[in-house]
Amino acid sequence: MSGTSHDSIDAAAARVTMADATVHLEPLGTVEVAYPPALRADLVAALPPSPTTVEALCRLDTQIGQAFADVAARAVDELCGGSANLVVSHGQTLFHWVEGGAVAGTLQVGQPAWVAERTGTTVVSDLRARDVAAGGQGAPLVSAFDVLWLHDRPGVTAALNLGGIANVTVVAAGRDPVAFDTGPANALVDAAVVRLTGGTEAFDRDGALAAAGTVDEDLLERLLDEPYYARPAPKTTGKELFHPGYLDEIFAAAAATTATAAAEHGAGGAAADGASVSSAAQPSPGADLVATLTELTARTVADAVLAHGATSVVASGGGTRNPVLMARLAAHLPGVEVLTSDDLGIPSQAKEALAFAVLGFLTVHGVPASVASCTGARGARVLGSITPGDLWPPAQAAAAPPARLVVGAPPQPAAPGTAASPAAASPATAGPAVASPATASPAAVSTSVSVPSTLAEDQR
C-alpha cells in the first residue's frame, strides 16, 4: 500500500493464524520502495483539488497496480521464502468523498489483477467500499485490529496513527470503541516543506525545521478555527480538505481580514493605535511555519485524545520519527502515558500494513472485519473484493470470529504422548500475508489481549 503521503510503496509480511478465537500475528519484515518519480508526479497531479481525466485515472490504476505487483513479488521472495498464501492490497487513495459529514464514496486505485498475475497469489483489495456502502466512513478500518489488540489494556487506550492524516481508535473495557480522523498529521507539514525547499525535501527530517522555528500563535489560532475539528465522531477526512492549497486559503482569508481592519482604522495598513498588522496575514518564515503546523498536529491530536478520557496513547506511523512532534504531543498530554507500538511488539512503521494483513486474513475466512461503533456503519461487514490466485480458495471459513490478537507465534503442538495445548488445536491459517506500509525489523514480543468479540456484532 501507499498512504496519504504517497512517497513510497510499502509492504509488510506476516504469518497470521487463528485458533480458539485468537489471531496470532508474527511480523516477518518489510520492504519499502520509492514511487517511480514520473508515476508519483502523475499521481500528485491527479489529486484533488486538481482536475483530471478518465484516461489519467485508467493509466494510474494500471501503473500503480503494476508497481504494487513488483513490490508484492519482492516481498514474497525476500520475506516469505518465495511463497505466500495471500496478498492484501489497500491501494492508493485518490479521493474520499465526504458530504455533510457522511462519506458518499471512496476511491483507491492500483488494479489488483496485476498483483495476482505477478505473484500467482489471491489478492484482497478495495477494503473500504463495503463499509461505506453499509453507511460507514470506510475508515479508520485499522480500528478492528486495534480493538482485538488493545481492548484489555488497563484504563483507556488511544491507538494513534500519524500518517498524512492522523487517526485514533479509543478502546476501554466496558464501553464501545470509537475511532476517527483527528485531522492532519504530516500532510500540511510535508506540503510546507516541499514548498519551502523547492521539492528537494519531502518531509521535515528529524523535525529539524520545527525545532529551529517558533510557533506563530496568531496563525495557529486561525488554523484551529477549522470546523472539522469540532465535528463529533465518527468522522474522516483527507487531502480533499488538507491539501497543499489549504494553507494558501488560510493566508488569503487572513490577508483579507487584515486589509479590512486596516481600511477601517486608517490608511497605511496599520491600526489607528499604531499596532502592526497580524502576523497571520502573511506566511510565517519557513521554520516558523513548520513549527506552527507541527504544533497544530500535536494540539488537535491531544485535544481529541483528552476528550475521550485516554490514559495512554500508543502511536505508530511516520510521525513517530519526528521527535519534535512526539515531544509536543507529550507536552499536551500531561499524565497520559505516551508509547509507540514498538513498545508492544508491533513495528511502528509497519503497524498499518500489518493491520490490513489481518483484515484481509479475516476476509478470506469469512469473518467481519469492521467495527460499527468506530466507522458508523449499520453493522460489521466482511470487507473487500477478492481476486483469485493460482490456488483457490486460499482458506476455509472460520467457525467463529476472533476475540483477541496476540503478537507472536501460536503455542506449538505437544509432542506425541503428551496432552495438546488447547490454543494449538486445529488452527485455521492463511499463512504469510503481505500488505503495507512498513519499515523496521520484525518483533518477537508476545502480547496477549482478550476482549468480547466486537467483530461478531449484529450484521443487519
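The values are calculated or read from the model by the stated rules, or taken from the named source; none is laboratory data. All values reported here derive from a predicted model rather than from experimental measurement. With ideal geometry, Cβ positions are generated from the backbone for all residues, glycine too; neighbour counts draw on all protein chains shown. Areas reflect the complete protein model, heavy atoms only, side chains present, ligands, DNA and RNA absent. Shrake-Rupley method; radii C 1.70, N 1.55, O 1.52, S 1.80 Å.
Only one of these is more than 22 Å from Asp7 (Cα to Cα), modelled with pLDDT of 95 or more, surrounded by 20 or more Cβ atoms within 10 Å (Cβ to Cβ) and not hydroxyl-bearing (Ser, Thr, Tyr): Ala158, Ala185. Name it.
Working: Ala185 fails: more than 22 Å from Asp7 (Cα to Cα).
Within the list Ala158, Ala185, the selection yields Ala158.
Scanning the range 207-240 for residues that are over 19 Å from Leu325 (Cα atoms), open to solvent by 20 Å² or more (accessible area, probe 1.4 Å) and assigned to a helix (DSSP H, G or I) yields Asp218, Arg222, Pro227, Ala230.
Among all residues of the range 117-130, there is none that is assigned to a strand (DSSP E or B) and surrounded by fewer than 24 Cβ atoms within 10 Å (Cβ to Cβ).
Could you please let me know if Gly174 is in a loop (DSSP other than H, G, I, E, B) and within 16 Å of Asp7 (Cα to Cα)?
Against the criterion (in a loop (DSSP other than H, G, I, E, B) and within 16 Å of Asp7 (Cα to Cα)), Gly174 does not qualify.
Across the range 241-255, the number of residues qualifying as open to solvent by less than 40 Å² (accessible area, probe 1.4 Å) and in a loop (DSSP other than H, G, I, E, B) comes to 2. Against the list (1) more than 28 Å from Gly120 (Cα to Cα); (2) open to solvent by 50 Å² or more (accessible area, probe 1.4 Å); (3) not in a loop (DSSP other than H, G, I, E, B), the condition Ile386 fails is (1).
Before we move on, is Phe95 among the hydrophobic types (A, V, I, L, M, F, W, C), at pLDDT below 95 and over 25 Å from His24 (Cβ atoms)?
On the way: among the hydrophobic types (A, V, I, L, M, F, W, C): yes; at pLDDT below 95: yes; over 25 Å from His24 (Cβ atoms): yes.
When the stated conditions are applied, Phe95 passes them.
You will find that of Ala46, Ala41, the residue that is open to solvent by 30 Å² or more (accessible area, probe 1.4 Å) and closer than 25 Å to Leu241 by Cβ is Ala41 and no other.
When Thr197, Thr169 are checked against the criterion of being over 15 Å from Ser143 (Cα atoms) and either within 16 Å of the chain's Cα centre (by Cα) or not aromatic (Phe, Trp, Tyr) (or both), Thr197 stands alone in meeting it.
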